[in-house]
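I have placed the structure first, in the form of C-alpha cells, so that the comments after it can refer back to it.
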Amino acid sequence: MSSGLALADGPLTGRDILREDWHRVRLAVLSACETGLGGVDRTDEVLGLSRSLLFAGVRSLVMSLWRVPDRSTADIMGAFHELTLSGATPAGALRAAVLASRDRPGGDRLDRWAAFCLLGEWRADRTSGGRAAHTLGSSSGRSDA
C-alpha cells in the first residue's frame with residue numbers, strides 16, 4: 001500500500017486513500033499508465049490505487065490497464081472530461097471518447113485507446129450529487145510513436 005501518485009504536496013498512497021472517506025466522490029480518473037493494475041510483489045500491494053479508491057467509497061473509477069501514448073491519453077481524457085462535465089454518464093462519456101479516438105489517424109491500433117476501463121457505478125450521472133470528478137495522475141510517460 002506504499003505505492004502511490006506523486007502530487008505537488010507529497011505522495012498519495014493506497015494507505016492514505018483508505019484513511020479518508022471518499023463516499024461523496026462520484027468519479028475518479030487514474031489516466032496514467034497501468035493505474036488499474038495492482039502489483040503482486042508484496043501482499044498489501046495487490047490492492048493498488050484503484051481498489052483503494054473503490055473501497056474508500058469512490059462510486060466510479062476510470063483507469064488504464066496498460067501503457068498508452070501520451071497524445072492518445074490526452075485526446076481521450078480531454079473528450080471524456082468535456083462529456084462528463086456536460087452531463088454524460090461516465091460510461092457514455094468514455095465510450096464516446098474512445099470511439100472518437102478510433103476515428104483519428106492511428107485509431108486502428110488498440111494500444112492507443114483500448115486500455116481505458118470504467119469500474120463502479122457506470123450509470124452514475126451528474127444529478128446524483130457528490131463532489132466533482134477527480135483526476136489523479138495524468139502522464140503515461142510514453143510519447144506517440
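Every number here is computed from the coordinates shown, using simple stated rules; none is lab data. A quick note: this is a predicted structure, and the numbers were derived from the prediction, not measured. Positions of Cβ are backbone-derived with ideal geometry, glycine not excepted, and every protein chain shown enters the neighbour counts.
Tell me the label-point distance for the pair Arg71, Ala91, using the 7 Å Cα-to-Cβ offset, in nm and rounded to one decimal.
For the pair Arg71/Ala91, the computed spacing is 3.3 nm.
Using only the Cα atoms of the range 10-121, what are the Rg and Dmax in Å?
For the range 10-121, the Cα radius of gyration and maximum Cα-Cα distance read 14.5, 43 Å.
Pull out the extension gain between Arg15 and Asp111, defined as 0.36 nm times the separation in residues minus the alpha carbon to alpha carbon distance; nm, one decimal.
31.5 nm
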